[in-house]
C-alpha cells in the first residue's frame, strides 16, 4: 500500500447518520481533523436534511437521497475552499444533519395557577398540563436562531422555552373562550385544536412547526374541588331527611359502637336530624311581617318600582320623581291609576281656568 493510498484512507469518504436516541434534533458529523474526500458519498435518509457549513456560512441544504460530492453534482461546492487543484483535492466543511421527523410526547404544564373569571364560580384558579408535538420545517432558520454551533442538539435544550410560550398563550386563549370550569372536560379536544392554531405562528419564528397540542387535564384548586365534592354528595343523597334517618339507623346498628359515649353521640345526632328536618319542612320559619300601612308601586319609564311607604312616596312627590300623571298601584286596586287621583291630598290644587 503506497503513501498516497494511506493518506486518502484517512479522508472521510462516506457521510451519514442514523439516530437511535429519539430526541436528537441536530447532529454534526464528526471529522476528527480529517478532510472530506473529493467524490465522497453523502447519504441523507428520509426525515433528514443535511446542511453544509463553510467558514461559518451555510453553503447548501440537501434533502433525502445519496449524493456524490463532486462539483458536477453539487455546483455550490465550488464556493468552498481547496478547490484550486482541478477540483480533486480534499476539502474541509462542517456537515449538520437535521432531524425533520415529528418529536412527540413533549410535556407542558402550568407552573403556577392561572386566574380566570368563571361564569358559575366567579374567580377561579386553574392548573393545566398535557403534551405537544413539533418538527423542524425550516432547517436554516432553526440552525441560525436556535442551534448555532452546537454539535448535538436535543429536544431537552428547547422544550423549556417552548413550554413557556404554550403556557403564556394558553392563559390568553382560556380567557377569550370563557368556558365554564365544569364544561372544560368535554372541550379538551376542541380546546387543543384551537390552541394549536393560535400558538403555531410563534413556533415558526424558530423554524419549527407545532403539529398539535393535547390537553390532558385542567384542574381546580383543592379547596374548590372539595366544595364541589360536598355539593355532589349532597345532591346524590336526594331527600336529606330520609338520608339522615338512614345514617342514624346505621349508627344504631353498628356493632363496634357501645357505651355511654355512643348513646350520647346518637342522641345528639337524632336531635340534630330532627332540627334539620324541621328546618327543611319550614315549620320553624316565621311568616312574613304584615304591612301596617299602605305601600304603593310606582311606574317610571314603563317599569314597576316599589313598594314604597307613604313617607317615601311623599318624598318622591316633593323631589318631582312622582308627578300627577305618574301611574301608581296598591293592593286592592284593579288597575293602575294616576297619582293625582289616588294621592290627591299630596298634590296642591291647581287654580281653575280664567
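The numbers here are math on the coordinates, done by the rules we state, and not lab data. No experiment lies behind these values; they were computed from the predicted model shown. Note that each Cβ is placed from the backbone with ideal geometry, even for glycine, and that neighbours are counted across all protein chains shown.
Listed highest first by mean packing, meaning other Cβ atoms within 10 Å per residue, what order do 41-49, 114-122 come in?
Put in order of decreasing packing, that is 41-49, 114-122.
If you stretched the chain out fully between residue 321 and residue 137, how much longer would it get, using 0.36 nm times the residue separation minus the C-alpha to C-alpha distance?
59.1 nm
Tell me whether the range 295-346 comes out rounded, prolate or oblate; compute the Cα gyration tensor, take square roots of the eigenvalues as a ≥ b ≥ c, and use a/c under 1.5 as the rounded threshold.
Numbers: a/c = 1.29, a/b = 1.23, b/c = 1.05.
Verdict is rounded for the range 295-346.
State the extension gain, in nm to one decimal, for the chain segment bounded by residue 204 and residue 120, taking 0.36 nm per residue of separation less the distance between their alpha-carbons.
26.5 nm
What FRET efficiency, computed as 1/(1 + (r/R0)^6) with R0 = 30 Å and r the Cβ-Cβ distance, is obtained for residue 227 and residue 156, rounded to the nearest 0.05?
Calculated value: 0.15.
Hey, rough spin-label estimate for residue 169 and residue 70, points 7 angstrom out along Cα→Cβ, what's it come to in nanometres?
So the label points at residue 169 and residue 70 sit 4.7 nm apart.
Using just the Cα positions, wrap the range 103-220 in a convex hull and report its mean projected area in square nanometres, one decimal place.
Its Cα hull, projected and averaged over all orientations, spans 7.1 nm².
With just the Cα atoms of the range 173-225, tell me how far they stretch along each of the three principal axes, in Å, largest first.
42, 18, 17
Which FRET efficiency value, to the nearest 0.05, do you get for residue 216 and residue 297 by plugging their Cβ-Cβ distance into 1/(1 + (r/R0)^6) with R0 = 45 Å? List each step's numbers first, then the result.
Values: r = 56 Å, r/R0 = 1.25.
Between residue 216 and residue 297 the formula returns 0.20.
Take the Cβ-Cβ distance between residue 62 and residue 24 as r, set R0 to 30 Å, and report the resulting FRET efficiency rounded to the nearest 0.05.
Step by step, r from the Cβ atoms, then E = 0.95.
For 27, 308, which order do you get if you count the other beta carbons within 10 Å of each Cβ and list the fewest first?
Arranged by neighbour count, lowest to highest, 27, 308 become 308, 27.
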